[in-house]
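Computed from the coordinates by the stated procedures, all read-outs in this text should not be read as laboratory data. The shown structure was predicted, so the numbers you read here are calculated from the model rather than taken from an experiment. Because the Cβ atoms are built from the backbone with ideal geometry, glycine has one as well, and the counts that use them run over all protein chains shown.
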Amino acid sequence: MLLQRLITALVLLPIVLGAIWFAPTPWLYGLFSGAGLLAAWEWSAMMGLAADASGRRWAYVALSAAVLGCAWLARAYWPLIAAVSLAWWLLALFLIPGFPGNLQRRKPGMAVLGLLGQVLWVPAILAMVMLHDRPAPDGALRLIYLFALVWAADVGAYLAGRNFGRNKLAPNVSPGKTREGALGGLLLCGIYALAAGGYVFQPAGLSGLLLLLALSLLVAALSIVGDLGISMFKRLSGVKDSGKLLPGHGGILDRIDSLLAAAPAMALGLQWLRL
């Protein structure tokens with residue numbers, strides 16, 4: 001499994017980084033939207049649409065494509081769209097400790113889940129391309145910084161959890177995650193922010209760097225919420241992985257779950273801090 005994860009990552013990494021570095025922002029939005037439509041297909045199964053209901057699943061993917069198209073046309077209002085996503089993830093933060101009892105008592109209907117799906121990926125994709133939509137190489141560096149920050153949270157959590165993990169973080173949602181692992185992920189993100197943040201964002205003085213550090217840690221923490229939030233709905237639908245598209249990783253949602261929460265927070269935070 002670990003070898004499969006590594007091979008898949010080594011294949012995907014140059015493709016993603018190459019697109020971020022070389023592709024114009026509209027093309028990048030198209031590429032990310034393609035990943036969003038794959039996520040929509042996986043989410044439609046988690047909504048309860050059976051495999052034989054392919055027509056209804058394709059209809060949901062088509063709806064997602066239309067929403068992504070409208071979001072691009074309305075990209076001038078991206079902060080409002082991103083704020084809707086951020087509001088959901090803050091709500092998810094309060095839902096996770098009470099899972100599964102809270103959602104089992106009031107299981108969301110298909111319409112609510114369908115709407116939630118759009119809130120998951122549309123604002124995140126829009127936020128990522130808004131980070132990218134700056135003169136080269138500034139935009140590419142900012143988006144790569146976000147991706148690397150999320151990866152650092154994941155790697156740090158894995159290493160710290162494997163070596164020091166004792167206390168479960170959210171046992172009813174993701175039994176393998178520990179509080180020590182989460183702290184390890186945040187520690188690695190803090191080191192990364194101090195090492196790379198000054199070069200990428202060039203904050204004004206020590207106070208600017210400390211603000212960037214605080215934002216990076218907040219985004220890293222939300223990336224953990226994103227991971228747990230998607231895991232919560234996978235458990236609710238009775239699946240281990242959202243799909244099988246990525247060997248060793250599962251589906252698209254399994255790979256981008258942390259980014260879904262991190263991207264809107266990073267884009268909004270940078271705008272608010274004027275970095």
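Below is a table of values for the structure above.
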quantity	calculated
P(r) of region 1-158 over all Cα-Cα pairs, binned every 5 Å from zero, in whole percent	2, 8, 14, 17, 19, 18, 15, 7, 2, 0, 0
Within the chain: Cβ-based charge dipole about Cα centre, in debye rounded to nearest 20 (Lys, Arg +1; Asp, Glu -1)	600
Given charges at Cβ of Lys, Arg, Asp, Glu: the chain dipole, positive-most of L209, A62, G165	G165
Computed Kirkwood radius, in angstrom, where 1/r is averaged over Cα pairs of region 134-275	15.7
Vicinal HN-Hα couplings computed from phi for region 164-176 (Karplus, 6.51 cos²θ - 1.76 cosθ + 1.60; Hz; Gly/Pro x)	10, x, 10, 9, 5, 7, 8, x, 7, 10, 9, x, x
Positive-end residue of I20, V225, H132, charge dipole of the chain with Cβ unit charges	V225
Bins of 5 Å from zero: percent of alpha-carbon pairs in region 1-83	3, 12, 16, 16, 18, 17, 13, 4, 0
Region 124-167 versus region 198-275: alpha-carbon centroid distance in Å	6
Residue with peak Gaussian network fluctuation, the chain [Cα springs, cutoff 10 Å], from R105, R255, R235	R105
Value of [θ]222 nm, deg cm²/dmol, for the chain, DSSP H segments ≥ 4, -39500 (n - 2.57) each, nearest 500	-27000 deg cm²/dmol
Karplus-derived HN-Hα couplings along region 147-158 (A = 6.51, B = -1.76, C = 1.60, θ = phi - 60°), whole Hz, x at Gly and Pro	4, 5, 5, 5, 5, 4, 4, 5, 5, x, 5, 5
HN-Hα J in Hz across region 253-262 - Karplus 6.51, -1.76, 1.60, θ = phi - 60°, x for Gly and Pro	4, 5, 8, 9, 4, 5, 5, 4, 8, 6
Expected-Rg normalisation [2.2 N^0.38 Å, Cα atoms] applied to region 147-224	1.17
Kirkwood hydrodynamic radius of region 85-170, from inverse mean 1/r over distinct Cα pairs, in Å	16.0
